[in-house]
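These notes are about the structure you will find just below.
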Amino acid sequence: MVPKMRFSVWPSPAQPTTDLIEVAQHADRSGWDGVYVSDHFMGDGGGFGAVEAPVLECTALLAYLSSATERVRLGSLVFGTTYRHPAVLANWAATVDRLSGGRLVLGLGAGWQVNEHEQYGIDLPGVGDRVARFEETCAVTRSLLTEPTTDFAGDWFTLTAAVCEPKPIQERLPILIGAKGDRMLGLTARIADEWNSWGLPEGVAERMAVLDAACERHGRDPATIARSTQALVLLTDDTQAAAAFVESVAPRDAMAGTPRQIAETVADYAEVGLDEFIVPDFVLGEGARKLEALDSLLEEFRALS
């Protein structure tokens with residue numbers, strides 16, 4: 001038996017639109033806890049696919065899924081805040097939280113993908129400035145979502161008696177921060193309701209220890225921050241194929257094996273205190289095969305919880 005966890009699906013935005021919607025609706029009907037959508041405009045030519053591959057836009061997709069699903073949490077994994085103004089994000093989030101009946105998780109990140117910034121002529125500051133800008137983004141977003149008016153004078157943003165109405169249905173719409181580095185984890189400890197990063201159990205445990213230490217420095221109970229992760233999942237009973245796949249996608253975190261073997265690794269996540277495991281559907285096949293793979297995984301996950 002392992003501690004109670006949430007299990008969610010991350011449909012690839014590069015798959016045909018009807019297939020993506022089918023995955024989300026299947027997750028909604030079959031007992032998965034959440035559906036997440038990435039926020040990029042193109043692949044990166046590496047681990048996130050070919051640059052020219054079609055990619056569905058995140059805000060429109062989540063707004064659609066708010067009406068196409070009934071039960072699952074819906075989240076961004078994660079919005080690139082270098083190309084999304086916090087006031088625009090806050091108003092969008094409040095609207096989609098209402099459209100979904102209070103099911104939105106607002107995932108935010110500092111931004112990283114060089115080629116989409118270069119193609120669109122969007123500035124991608126150095127890491128230090130990017131984190132400083134992101135901190136202001138989080139502060140502005142939180143204030144707009146919770147306060148009647150927002151006044152803010154920072155290095156990156158200025159707001160004067162700014163309103164954001166109507167507010168979300170959720171009294172505190174959860175802000176999830178995607179982060180791995182120590183500085184971003186320190187910011188997560190001060191601001192976030194949830195934390196996310198790619199990782200396998202050992203690496204996740206190490207990053208969670210850094211997050212816990214940051215919480216203690218800031219006088220925050222670490223248990224008040226939910227933790228989630230994801231890794232690529234390939235289902236196979238061929239041990240050689242499993243090893244070859246994991247090696248082929250390195251350094252991207254991945255696991256391969258039978259549904260039971262995958263579930264045993266997920267149990268290791270639970271033992272180190274993870275709250276949610278997210279399954280990207282990227283290499284689970286297509287059509288009915290993919291849905292069957294998701295069903296078999298969820299059955300094994302639930303058997304261990």
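The values are calculated or read from the model by the stated rules, or taken from the named source; none is laboratory data. Note that this is a predicted model, so its numbers are computed, not measured. Virtual Cβ from ideal backbone geometry, glycine too; neighbours counted across all protein chains shown.
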Next item on the list: Tell me which residues, restricted to segment 16-39, are assigned to a loop (DSSP other than H, G, I, E, B) and surrounded by fewer than 19 Cβ atoms within 10 Å (Cβ to Cβ).
Entry: P16, G31, D33
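Condition check ((1) closer than 21 Å to L89 by Cβ; (2) modelled with pLDDT of 95 or more; (3) among the hydroxyl-bearing types (S, T, Y)) across all residues:
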position	(1), (2), (3)
P3	no, no, no
F7	no, yes, no
A14	no, no, no
T18	no, yes, yes
Q25	no, yes, no
S30	no, yes, yes
F41	yes, no, no
G45	no, no, no
C58	yes, yes, no
Next item on the list: Give the residue that is nearest to L284 (Cα to Cα), with candidates limited to residues of segment 222-249 that are free of Cβ contacts under 8 Å to residues at least 12 places away in the same chain and among the acidic types (D, E).
Entry: D238
Margin query: List the residue pairs whose Cβ atoms are under 7 Å apart, where the first residue sits in segment 112-127 and is farther than 17 Å from G49 by Cα, the second is surrounded by 11 or more Cβ atoms within 10 Å (Cβ to Cβ) and of a type in the set (D, E, K, R), and the two are 6 or more positions apart or on different chains.
Written below: P125/R133
Notebook entry, point to check: Restricting the search to segment 23-52, which residues are of a type in the set (A, V, I, L, M, F, W, C) and under 23 Å from A110 (Cα atoms)?
Noted result: V35, V37, F41, M42, F48, A50, V51
Next item on the list: Please identify the pairs in which a residue from segment 70-95 that is farther than 17 Å from S143 by Cβ and touching a residue at least 40 places away in the same chain (Cβ under 8 Å) has its Cβ atom under 7 Å from the Cβ atom of a residue that is assigned to a helix (DSSP H, G or I) and of a type in the set (S, T, Y), counting only partners at least 6 apart or on another chain.
Entry: L74/S66
Notebook entry, point to check: Is it the case that some residue within segment 198-211 is closer than 23 Å to T137 by Cβ, surrounded by fewer than 22 Cβ atoms within 10 Å (Cβ to Cβ) and among the aromatic types (F, W, Y)?
Noted result: yes
Notebook entry, point to check: Which of the residues spanning segment 64-108 are outside any loop (DSSP other than H, G, I, E, B), of a type outside the set (A, V, I, L, M, F, W, C) and surrounded by fewer than 23 Cβ atoms within 10 Å (Cβ to Cβ)?
Noted result: Y64, S66, S67, R73, N91, T95, R98
Next item on the list: Take the residues in segment 267-285 that are charged (D, E, K, R) and out of contact with any helix residue (DSSP H, G or I) (no Cβ under 7 Å at 6 or more places or on another chain), then tell me which one is surrounded by the fewest Cβ atoms within 10 Å (Cβ to Cβ).
Entry: E271
Notebook entry, point to check: Picking from G178, G121, which residue would you name as being at pLDDT 95 or above and surrounded by fewer than 21 Cβ atoms within 10 Å (Cβ to Cβ)?
Noted result: G121
Item checked: Condition met for T59 (crowded, with 16+ Cβ neighbours inside 10 Å and not aromatic (F, W, Y)) -> yes
Notebook entry, point to check: So, in segment 212-221, of the ones that are without any contact (Cβ under 8 Å) to a residue 24 or more places away in the chain and surrounded by 14 or more Cβ atoms within 10 Å (Cβ to Cβ), which residue ends up nearest to the chain's Cα centre (by Cα)?
Noted result: D212
Next item on the list: Starting from residues that are more than 18 Å from V204 (Cβ to Cβ) and touching a residue at least 24 places away in the same chain (Cβ under 8 Å), keep the ones in segment 250-284 and report whichever is farthest from the chain's Cα centre (by Cα).
Entry: R260
Next item on the list: Go through segment 110-162 residue by residue and tally those that are of a type in the set (A, V, I, L, M) and in a strand (DSSP E or B).
Entry: 4
Next item on the list: Mind listing just one residue for me: the one in segment 125-173 that is acidic (D, E) and closer than 16 Å to G107 by Cα and, of those, nearest to the chain's Cα centre (by Cα)?
Entry: E135
Note to self: Looking only at residues that are farther than 16 Å from T81 by Cβ and surrounded by 15 or more Cβ atoms within 10 Å (Cβ to Cβ) in segment 181-193, which one is nearest to the chain's Cα centre (by Cα)?
What the structure shows: D193
